[in-house]
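Below you'll find the structure, written out as structure tokens, and then a few comments.
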Amino acid sequence: MSFNKESAVQRAKTDLAERLSVSEKDIKIVSSDEKDFPDMSLGTPVADEMSAQMISSGWQINLEADGKNYEYRADKYQLRLHEFKGTNYIVES
């Protein structure tokens, strides 16, 4: 799959709704900004993952649900959830 900013935001909303068992309507988009990340894991490596150490451009997506903030990071190749309950997740790659 190849993401653009809009499809990455929509996929992030869908993923968060599933993780929290809420409706997508209950999730607010706080921001979705272009960002350069320090590596190919978008600065969000999962356990035992090694990634190329080169700048990767993408989007930092901030969502809010039930008064809590959640951060996703995406580029055109992948979507990751950053520090959800202390753990990083690859949502799609």
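Take every Cα pair under 8 Å whose residues are at least 6 apart in sequence, average their separation, divide by the length of the chain, and the relative contact order is 28 percent. Toward the positive end of the charge dipole of the chain, with +1 on the Cβ of Lys and Arg and -1 on the Cβ of Asp and Glu, the farthest Cα among 51, 62, 17 is that of 17. Distance between the pseudo-spin-label points of residue 93 and residue 26 (7 Å out from Cα toward the beta carbon): 3.0 nm. Estimated at 0.36 nm per residue, the fully extended path between residue 4 and residue 34 surpasses their Cα-Cα distance by 9.7 nm.
The angle separating the long axis of helix 5-20 from the principal Cα axis of greatest extent in the chain is about 60 degrees. A Gaussian network model of the chain, with springs between Cα atoms under 10 Å, assigns the largest mean-square fluctuation among 68, 76, 28 to 68. For the chain, the alpha-carbon coordinates run over 36, 26, 22 Å along the three principal axes, in decreasing order.
From a point 7 Å beyond the Cα of residue 19 in the direction of its Cβ, which residues of region 69-85 have a backbone N at a distance under 11 Å? Residues passing the 11 Å test: 69-73, 80-85.
Throughout, read-outs are computed from the coordinates displayed, never taken from laboratory work. On a predicted model such as this, the values are computed, not experimentally measured, just so you know. Please note: Cβ atoms are built from the backbone with ideal geometry, for glycine as well, and neighbour counts cover all protein chains shown.
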